[in-house]
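Readers should treat all values here as calculations from the given coordinates under stated rules, not as data from a laboratory. The structure presented is a predicted model; accordingly, all values stated were derived computationally and were not measured. As a convention, Cβ positions derive from the backbone with ideal geometry for all residues, glycine included, and neighbour counts pool all protein chains shown.
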Amino acid sequence: MNTPAVADFRNYPLISALTAVQPLADRLHVQWADGRLSPFHHQWLRDNCPCPECVYSVTREQVLEIVDVAEDLVPNTSLVDAQGCLCVEWQNGHQSRFDPGWLRAHAYDEASRAERFEAKPKSQLWTANLQLPVFEYHAIMEDPKALLQWLLALRDIGLTQVRGVPTEPGSLAGIAKRISFIRESNFGVLFNVQSKADADSNAYTAFNLPLHSDLPTRELQPGLQFLHCLVNDAVGGESVFVDGFAIADALRHEDPEAFRSVCEIPVEFRNKDRHSDYRCLAPIIALDTLGQVREIRMANFLRGPFDAPAEQMPALYRAYRRFIAMTREARFRVSARLSPGDMWCFDNRRTLHARNAFDPATGARHFQGCYIDRDELLSRIRVLQR
Ligand code: OGA
Ligand code: ZN
Ligand code: ZN
């Protein structure tokens, strides 16, 4: 038999060889050459059988449902074969054969799980002294390695600048599509950021826009935001960024009570015009199941009146003021002015962005923007890394 199929499109390097397998009542204990011991429960092994009966070889998706297998199914035999694979023959005659690289990558002994947790990409928090990651348009468009470097910076740092983008309107779409599908919204596939008389957002004025995320009015805020500078002749209009995760982290340490309030008390964000009415009720800071900051949702100009129990109102205002005051602190802020052909791309669910007021009487200013969801970014990274 040659290498067994895996329910995946990746390759799993052989980290350590399988040396022995020991049957227990409800599991196998697998011994690795580097000394690690991994338990694999019978159900888990049967559930993950990669044979062509259990996994459709074209899609590499499972067709077996574990509920169709006896809960107390046990192996007749289990052994490491000549190719180093784990072979299990079940009581009912079904045979499962596991690639040792795949098995190690999915082992759930304590050490393997801790290793996987450690290997997970971590956000690199930044403050005012950030060395801004800058990338070149042509490299991103032509070289998959440069594309990957850019995408990793977006994932881990959450703020990047790209230079040398053509200044023809619409060029933004080409670079966005290097990642994947653009996420359309009521503002269009590409939106034009220009001061206009019939503005349907404060963004389309010459006002100062305080630090915010875009579309906090949607259940899922866009993951990536692009802002491409076509014309920037007006005085003012500098861009400002803060790392929302760094601010959340500082707030957690410096004012734990305010941190708890912005994590727990939901706030409504609204965007409405004659044809649409979007609303989302959610806390400003969202935590994941481990208590880590997962997302920041903030745009003062889109916020509805607070609606919280009366006894929570003072705490909510105190926390909200504290959060905004922190976004104004110089220690967190990175500021720069774009020239035509420059583009910002950042993690809209982490990095808050702002624009200083500009004076339209001094010249034109035209940016184009678009969004891509975070899933598309992560998927493109994984495919490039295969
Ligand atoms: C926006 C925005 C920034 C700018 O349109 O949401 O933040 O520099 N614009 O105009
Ligand atoms: Zn099978
Ligand atoms: Zn914005």
Residue set Ala308, Ala325, Ala336; condition hydrophobic (A, V, I, L, M, F, W, C) and without any contact (Cβ under 8 Å) to a residue 24 or more places away in the chain; output residue Ala325
May I ask you to list the residues in region 105-136 that are in contact with a helix residue (DSSP H, G or I) (Cβ under 9 Å, 6 or more places away or on another chain) and of a type in the set (Asp, Glu)? Glu136
Answer with yes or no whether Arg297 is buried (at least 17 other Cβ atoms within 10 Å of the Cβ) and either closer than 18 Å to Pro222 by Cβ or touching a residue at least 60 places away in the same chain (Cβ under 8 Å) (or both). yes
Go through region 134-146 and give me each residue that's surrounded by 17 or more Cβ atoms within 10 Å (Cβ to Cβ) and either touching a Leu at 6+ places or on another chain (Cβ under 7 Å) or among the basic types (Lys, Arg) (or both). Ile140
Could you list all residues from region 8-23 that are under 22 Å from His42 (Cβ atoms) and of a type in the set (S, T, N, Q)? Thr19, Gln22
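Residues are listed down the side, and each one gets a yes or a no for (1) surrounded by 17 or more Cβ atoms within 10 Å (Cβ to Cβ); (2) closer than 28 Å to Phe306 by Cα:
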| residue | (1), (2) |
| --- | --- |
| Pro340 | no, no |
| His353 | yes, yes |
| His366 | yes, no |
| Gly369 | yes, no |
Only one of these is within 16 Å of ligand 2 (Cβ to nearest atom), under 18 Å from Leu28 (Cβ atoms) and among the hydroxyl-bearing types (Ser, Thr, Tyr): Ser112, Ser78. Name it. Ser78
Which pairs turn up if I take residues in region 361-386 that are over 19 Å from Ile182 (Cβ atoms) and of a type in the set (Gly, Ala, Ser) and look for partners that are away from ligand 3 (no atom under 16 Å from the Cβ) and assigned to a loop (DSSP other than H, G, I, E, B) with beta carbon separation below 7 Å, at least 6 apart in sequence or on another chain? Gly363/Asp233; Gly363/Ala234; Ala364/Asp233; Ala364/Ala234
Residue within region 177-192 that is surrounded by 17 or more Cβ atoms within 10 Å (Cβ to Cβ), under 21 Å from Phe367 (Cα atoms), within 18 Å of the chain's Cα centre (by Cα) and aliphatic (A, V, I, L, M) present: yes
Which residues, counting only those in region 63-92, are part of a loop (DSSP other than H, G, I, E, B) and closer than 19 Å to Val6 by Cα? Val63, Leu64, Glu65, Asp81, Ala82, Gln83, Gly84, Cys85
When you scan region 93-212 for helices (runs of 4 or more DSSP H) that lie fully inside it, which ones turn up with 2 or more residues that are among the charged types (D, E, K, R) and on the phi < 0 side of the Ramachandran plot? 110-119, 144-156
Inspect region 247-269 for any residue being within 16 Å of ligand 3 (Cβ to nearest atom) and either within 20 Å of Val134 (Cα to Cα) or part of a strand (DSSP E or B) (or both) and give the result as yes or no. yes
Could you tell me whether Glu61 is exposed (fewer than 15 other Cβ atoms within 10 Å of the Cβ) and more than 26 Å from Arg380 (Cα to Cα)? no
Residues (in contact with a Ser or Thr (Cβ under 6 Å, 6 or more places away or on another chain), within 28 Å of Gln385 (Cα to Cα) and in a strand (DSSP E or B)) located in region 2-60: Trp32
